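The values are calculated or read from the model by the stated rules, or taken from the named source; none is laboratory data. Given the structure is predicted, the values throughout are model-derived calculations rather than measurements. Every residue, glycine as well, gets a Cβ built from its backbone with ideal geometry; the counts of neighbours run over all protein chains shown.
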């Protein structure tokens, strides 16, 4: 591997890490501060995870400050439970953070 390729890969990895942290933080603040069922009743993290088809540890990773390389299916499962479209979620994320991360 050329030195330039290694530098470019490191730069890309850093950008991806930043994006993952921002996206996790955004989703955590939007949906994971207080866990609710589809009737709006407060529930436990374990129950919420189960309703989303996820593990409780996955939700903990999303809420962590170090971020998490979240699969698209995880984002979809949270949005499906919240009755929130992916388009709306990403439009809001882009409105808040722009579309050139990091910049």
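Within the range 71-103, if we keep just the residues that are modelled with pLDDT under 95 and part of a loop (DSSP other than H, G, I, E, B), the residue that is surrounded by the most Cβ atoms within 10 Å (Cβ to Cβ) turns out to be 101. Only one of 56, 60 is more than 15 Å from residue 24 (Cβ to Cβ), without any contact (Cβ under 8 Å) to a residue 60 or more places away in the chain and surrounded by 13 or more Cβ atoms within 10 Å (Cβ to Cβ); which? Residue meeting the stated conditions: 56.
For the range 39-53, enumerate the residues that are surrounded by fewer than 15 Cβ atoms within 10 Å (Cβ to Cβ) and under 22 Å from residue 90 (Cβ atoms). Across the range 39-53, the qualifying residue is only 53.
For the range 9-55, a tally of residues being assigned to a helix (DSSP H, G or I) and touching a helix residue (DSSP H, G or I) at 6+ places or on another chain (Cβ under 8 Å) returns 14.
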